[in-house]
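Here the structure is laid out as structure tokens; the discussion comes afterwards.
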């Protein structure tokens, strides 16, 4: 039968693995450093993975293909979850830092992780006056995050300019605690149209609770707020938006709902 199915341009593909978690049917895997379609029967042809590729290597094409088999997909996903649970056994991540998901099968820097924080640091590794990180997940760079990941669902989200955490000495305790994080640079990052779409997905699909944009006082940094506002305008849901401006000396200049 003829139907839409994913097409992967291997010349453009860098093997980053961002498309893998974007395909909920697990039709794509990274094999020998390139994204590959595992089987026609796993691809529903809806193209949910298209917006995840920063290189534009994914497209849909109409071609002769086997029918999509939802039952086989669900059985495969269920079996994989069982194998992962058995494989973890009683193993735990060092120092309670969480478990890295193998879902991306690509660049280790893109692998999803959720961090399980302890209430107190282990005495053997604790330093006098040290503060615990409030980061709850990985990755955090907006190009790399999956906007529908569990760590965004129903959460208060902080969208911070790259320089913010270096300027604010109490960023973790004051602004990040209890929230999910994404970072970006509106001056240097490419492909910012993708940023608008990812934030829109956080709003409409992950149903985030609030969005706080934290940016530096330098003019170019205001683009981050513009990206957030464009995403909220495109979204069907409405969420509160807060804008925080930080000085280059590390002081909070303003903090207001917009």
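We did not get these values from a lab; they are worked out from the coordinates using the rules stated. Computed from a predicted model, the values in this text were never measured in an experiment. FYI the Cβ positions are ideal-geometry reconstructions off the backbone, even for glycines, and counts take in every protein chain you see.
The percentage of C-alpha pairs in segment 117-257 whose separation is greater than 20 Å is 46%.
Relative protection proxy for 29-36, 137-144, 60-67, from highest mean packing down: 137-144, 29-36, 60-67 (other beta-carbon atoms within 10 angstrom). Modelled this way, with points 7 Å down the Cα-to-C-beta line, the labels at residue 55 and residue 188 are 2.2 nm from one another. Take each peptide in 205-214, 1-10, 161-170, count the other Cβ atoms within 10 Å of every residue, and average; sorted highest first, the result is 205-214, 161-170, 1-10. Distance from the C-alpha centroid of segment 189-258 to that of segment 49-82: 31 Å, rounded to the whole angstrom. What the Cβ-Cβ distance of residue 131 and residue 253 gives, at R0 = 25 Å and to the nearest 0.05, is a FRET efficiency of 0.60. Each label point was placed 7 Å from the Cα along the Cα-to-Cβ direction; for residue 234 and residue 197 their separation is 0.7 nm. Its relative contact order, with pairs defined as Cα atoms under 8 Å and 6+ residues apart, puts segment 2-71 at 45 percent. Computed extension gain for residue 210 through residue 34, at 0.36 nm per residue and net of the alpha carbon distance, reaches 59.7 nm.
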